[in-house]
Structure formats: structure tokens, C-alpha cells
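Engineer: One structure coming up, written as C-alpha cells, with questions to follow.
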Amino acid sequence: MNTEKKWYAVYTRPKCEKKVSQMLSLKNIENYCPLNKVQRQWSDRRKTIFEPLFHSYVFVYTNMSEHSKIKEANGVINLVYWLGNPAVVRDEEIDAIRTFLNRYDNVTLQKSEVNVDDHIRVTSGPLHSREGNVIEVRNSTVKIYLPTLGYHMLAQVHKNDIQVINDFEFSHPLAS
């Protein structure tokens, strides 16, 4: 059995993220519920509150043997699965979320849309750092054209593994 610890995403009942995080902590399961510092205005006062950044998600740092304990926690619906296995979240992603929330308040999330003819950069996997153009968009993947060695190479890449490059980045490769 795999004893290596990794980050996984846990899907929770709505508005139960903080409670699930507390329950997992009581079970000695390391977890992270990213909290966004937000100012709320009521008619008589203004207050700073902390609300979950990702609605219905908590991240756990665990190994496969603890997954059944996680699923038993009150408020947990299930682990998030990808291609039939629990979806692993890279350490760098968790670190980036922590760093971002430590530096900024009132953060909002926006889903990144990918369109045909967008110029993209692959951010992970065997084609990491390669650039190309989107020629087809599907539910969770995109087909990209990668010019290389005078050949047209086509690859199907998961949407989470690409980054759309805006015109400024594309025309100025040193801009980052």
C-alpha cells in the first residue's frame, strides 16, 4: 500500500468547509481550508470575516491508507476523483494558494476559459513549457498545435495543464 503523503481535494457539503477542516484536524489528518479575508458591510457595522476560498472543497495531506477515515468525517461527500483515482494536488499549487492568501485580501476566483486560436503554454506534463495554438476545445481537454522541427505536432492536453498567453507575453518573451 502506498504510504507516500500527497495533497488531495475533498468535496464537502455546501458551507461545511470549516467544520470538515475541524473534524479532520480532530482525527489528526493534516488539512488546509484556504480562507479568504473579506470585509462585509451590514446596516449598522462593517466586519472582517474569513470565508472559504473554494466553496465545498478542503485539501488533505495524507496517504491512501487514510482515505477511508477522511470519507467517514461528518460533512465529507467524497474525495475528488480524476480518471478513476483520487485527484492529486501538487505541492506547488497548495504553496501558491497559501502565499497568495497571505499577501492579498478579498480574493476572487475566476474560471479560466480557453478558446480556439488562443496561444497557450503547457504548464505541466511531458510537454511542459512548450507553446502552441488551441485548435479544438473539449469538456476537460484541448487539442493544441505545436510547431516543431518543421512538422505539425498535435497533442491533447488537459485544460488544467495549460496557460493562455496574452498578447503582451506573446510579443515580449522576457515579460513575466
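Each value in this text was obtained by applying a stated rule to the coordinates, not by laboratory testing. Quantities reported herein were computed from a predicted structural model and do not represent experimental measurements. Cβ coordinates were reconstructed from backbone atoms using ideal geometry, including for glycine residues, and neighbour counts include every protein chain displayed.
Engineer: Given a Förster radius of 30 Å and the C-beta distance between K6 and D117 as r, what FRET efficiency does 1/(1 + (r/R0)^6) yield to the nearest 0.05?
Structural biologist: Numbers: r = 36 Å, r/R0 = 1.20.
Here the calculated transfer efficiency is 0.25.
Engineer: Okay, next question. Could you work out the relative contact order of the chain, using alpha carbon pairs under 8 angstrom and six or more residues apart, expressed as a whole percent? Please report the intermediate quantities before stating the final value.
Structural biologist: Working: 296 pairs, mean separation 34.9, N = 176.
Averaging sequence separation for qualifying contacts and normalising by length gives 20 percent for the chain.
Engineer: As an exercise, identify the chymotrypsin sites (Phe, Trp or Tyr not before Pro) in the range 62-105 lying in DSSP coil whose Cβ has no more than 13 other Cβ atoms within 10 Å. Walk me through the intermediate numbers first.
Structural biologist: Working: sites: Y81, W82, F100, Y104; in loops: Y104.
For chymotrypsin sites (Phe, Trp or Tyr not before Pro) across the range 62-105 that sit outside H, G, I, E and B with at most 13 neighbouring Cβ atoms in 10 Å, the list reads Y104.
Engineer: What does the helix-only formula give at 222 nm for the chain: each DSSP H stretch with n ≥ 4 adding -39500 (n - 2.57), the total divided by the residues, and the result rounded to the nearest 500 deg cm²/dmol? Don't skip to the end; give the middle numbers.
Structural biologist: Numbers: 4 runs with 34 residues, N = 176.
One gets -5500 deg cm²/dmol as the mean residue ellipticity at 222 nm.
Engineer: Using θ = phi - 60° and the Karplus relation 6.51 cos²θ - 1.76 cosθ + 1.60, list the HN-Hα couplings for the range 6-20 in order, rounded to whole Hz, with x at every Gly or Pro.
Structural biologist: 9, 8, 10, 9, 10, 8, 10, 5, x, 6, 10, 4, 5, 5, 4
Engineer: Continuing with this model, one more query. Kirkwood Rh, the range 55-114, all Cα pairs: how many Å?
Structural biologist: Working: mean 1/r = 0.0718 Å⁻¹.
After inverting the mean inverse Cα-Cα distance, the result is 13.9 Å.
Engineer: Further, regarding this structure: Return the subset of K19/K47; K6/K47; K69/K143; K71/K159 for which the Cα-Cα distance in this structure is over 32 Å, preserving the input order. Spell out each step's value before the answer.
Structural biologist: Details: K19/K47 21 Å; K6/K47 36 Å; K69/K143 39 Å; K71/K159 28 Å.
Table pairs above 32 Å Cα-Cα are K6/K47; K69/K143.
Engineer: Among all the aspartates and glutamates, which ones have a C-alpha under 16 Å from K27's C-alpha, if same-chain residues fewer than 8 places away are not counted?
Structural biologist: Output for K27: E17, E66, E72.
Engineer: Continuing with this model, one more query. Work out the length of the dipole vector of the chain about its Cα centre, built from +1 on the beta-carbon of each Lys and Arg and -1 on the beta-carbon of each Asp and Glu, and round it to the nearest 20 debye. Write down the numbers at each step before the final one.
Structural biologist: Working: 23 positive and 20 negative charges, 184 e Å.
With only Lys, Arg, Asp and Glu charged at Cβ, the dipole is about 880 debye.
Engineer: For the chain, set up a Gaussian network in which alpha carbons nearer than 10 Å are linked by springs, and say which option among T108, T141, T48 fluctuates the most.
Structural biologist: Result for the chain, Cα springs under 10 Å: T141 fluctuates most.
Engineer: Multiplying the sequence separation of R103 and K143 by 0.36 nm and subtracting their Cα-Cα distance, what value in nm do you get? Don't jump to the answer; show the numbers that get you there.
Structural biologist: Numbers: separation 40, 0.36 × 40 = 14.40 nm, distance 3.53 nm.
Taking R103 through K143 to full extension adds about 10.9 nm, to one decimal.
Engineer: Go through the range 40-73 and name the trypsin sites (Lys or Arg not before Pro) that are in a DSSP coil and have 15 or fewer other Cβ atoms within 10 Å of their Cβ. The partial results should precede the final answer.
Structural biologist: Values: sites: R40, R45, R46, K47, K69, K71; in loops: R45.
Passing sites in the range 40-73 are R45.
Engineer: Then there's this: Provide, in order from the shortest bin, the percent of all Cα-Cα pairs of the chain in each 5 Å bin, continuing until the bin that contains the maximum pair distance.
Structural biologist: Each 5 Å bin holds this share of Cα pairs: 1, 7, 13, 15, 15, 14, 12, 10, 7, 3, 1, 0, 0, 0.
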